[in-house]
Amino acid sequence: MKQDLPQMLIPLPAPPQQIGPPSDYALSRSPLMALLLVLQTAACIGRIFFLLDILGGFIMVIMVVVGWCGWAKNMHITFISYWGMLCLINGIFDMVRFIDLAVNHAPVFSKALGFRYNFMSSIHLAVPLVTLPGALLAWFLYRSLTADAIYDDAYQPAAAERQPLVPRGAPRDSQFQPFAGSGQRLGGT
């Protein structure tokens, strides 16, 4: 059986698929997501043009674009899930980077070093502070989708066969019987 390469490297469940309109909870969090995305966009611009962190800024641009796509597509949970994973990964790396700068270099903020230095330090601090809440918001949006449904991670049928999520407690029409059938021996014919 051939597996997809990303699934072999990092065994994550498939991202949730949006079936129908977004939930009321997702719509109520739309302004908060827009605010976070505006702050992330501003931090990204500061990162690229003031810190001259081109690689980190480029990765952050990808994260922000995925977030804006999820927000613009009426809070599409697939985009939001990817945005949340990117926010978590980038936020952790940027927080570690900020801690490293604070511990191993000059003080974070100093009147003696001038406005430019303090402004750059505030950008270093702002990047993880606006990125990590995005991961938390995406998690809450994901949990609101899956809270009242069973999401079977073990079996993901093809898109044409995929069934909508089944509410908890509802009977499932599965013919699967675990440990049924005859056993097989290695090297046997």
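Just to verify a number: FRET efficiency for residue 49 and residue 97, C-beta to C-beta distance, R0 = 25 Å, to 0.05?
Efficiency for this residue pair is about 0.90.
What is the calculated FRET efficiency for residue 34 to residue 89, with r their C-beta to C-beta distance and R₀ = 30 Å, to the nearest 0.05?
It comes to 0.85.
Quote to one decimal, in nm, the extra length available between residue 115 and residue 139 on full extension: 0.36 nm per residue of separation minus the C-alpha distance between them.
Extra length available between residue 115 and residue 139 comes to 5.0 nm.
Quick one: check the C-alpha center-to-center distance for the stretch 74-131 versus the stretch 42-57, whole angstrom.
11
Taking the simple approach of a point 7 Å from Cα along Cα-to-Cβ for both residue 122 and residue 58, what is their distance in nm?
Going by the 7 Å Cα→Cβ label model, 2.9 nm.
Computed from the coordinates by the stated procedures, all read-outs in this text should not be read as laboratory data. Bear in mind the structure is a predicted one, so any value in this text is a computation, not a measurement. So basically every Cβ, Gly included, is an ideal-geometry build from the backbone, and we count neighbours across all protein chains shown.
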